[in-house]
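Readers should treat all values here as calculations from the given coordinates under stated rules, not as data from a laboratory. Please read all numbers here as calculations on a predicted model, not as lab measurements. Ideal geometry is used to build each Cβ from the backbone, glycine not excepted, and the neighbour counts take in all protein chains shown.
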Amino acid sequence: MKFKHALLEYRLRKSHNVFEPIYYYADIDLGEVLARRECEFFVKDGITYKQLSSSIEEQLFVIYVEKYEEAPPEHQQYKKETTTLEVRELNTRRDHPLITSMNFDNHFDILSLIGSVYTYFDGKEWERDSAEIDEDRLTYILYVTLAG
């Protein structure tokens, strides 16, 4: 497989069509790259970045971002053996209440959920709004609204 292990770089927009590399990941699993590309938001060191686009240059995957908002970094957790996905209702007034939290052994399972338009939790159908990778908490978050 050509991309079994790949390289990933996040590039920050400095001005129109001018981007600066800000984070680089060597020998990253393809499943993680694809799951990250599916996320509209990326959180690291308290800064939330919004994805603008993505590309591939040979073995290098690139995600282009702009700063979206800043907050004090949340307490970072220690490296885990599994990958966590939180499913949250998109509701700013209620601070995006948690619907469920799941742990997975690989990023393709995460991608299967965050890449779906509709999912089912607690006997209800939910529609995807957006997803984020929060490196400060080592967690993916899927934001959903009640369908129908």
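Taken over the alpha carbons of the stretch 83-146 as equal point scatterers, the Debye sum produces base-10 log I(q)/I(0) values at 0.29 Å⁻¹ of -1.44. Where both bridge residues fall in the chain, DSSP classifies roughly 75% of the beta bridges as antiparallel. In a Gaussian network model over the chain where Cα atoms closer than 10 Å are linked, find which of Arg13, Arg128, Arg94 has the largest mean-square fluctuation. Comparing Arg13, Arg128, Arg94 in the GNM, the peak value goes to Arg94. Eigenvalues of the alpha-carbon gyration tensor of the stretch 5-70, scaled by 5 and square-rooted, set the equivalent ellipsoid semi-axes at 19, 14, 10 angstrom, largest first. Here the calculated FRET efficiency for Gln59 and Glu127, from their Cβ-Cβ distance with R0 = 41 Å, stands at 0.70, rounded to the nearest 0.05.
Past 20 Å, Cα to Cα, is the threshold; run Lys2/Lys44; Lys14/Lys67; Lys2/Lys50; Lys14/Lys44 against it and keep the listed order. Among Lys2/Lys44; Lys14/Lys67; Lys2/Lys50; Lys14/Lys44, the Cα-Cα distance tops 20 Å for Lys2/Lys44; Lys2/Lys50.
Its relative contact order, with pairs defined as Cα atoms under 8 Å and 6+ residues apart, puts the stretch 86-148 at 34 percent.
Under a Gaussian network description of the chain, with springs only between Cα atoms under 10 Å, the residue in Tyr49, Tyr25, Tyr120 that fluctuates furthest is Tyr120. Taking other C-beta atoms within 10 Å as the exposure proxy, Val62, Val43 rank Val62, Val43 from fewest upward. Put the Cα centre of the stretch 48-63 next to the Cα centre of the stretch 89-142 and the gap is 21 Å. Normalised by 2.2 N^0.38 Å, where N is the number of residues, the C-alpha radius of gyration of the chain stands at 1.06. Of the candidates Lys50, Lys67, Lys124, which one comes out as most mobile in a Gaussian network treatment of the chain with C-alpha springs shorter than 10 Å? The residue with the greatest mean-square fluctuation here is Lys124.
Applying 0.36 nm per residue to the separation of Asn91 and Ala26 and subtracting their alpha-carbon distance, the gain on full extension is 19.8 nm. A Förster radius of 35 Å, combined with the Cβ-Cβ distance separating Glu81 from His16, puts the computed FRET efficiency at roughly 0.25. In the stretch 83-146, taking the dipole from charged Cβ atoms about the Cα centre, the farthest positive-side position among Gly115, Leu142, His96 is held by His96.
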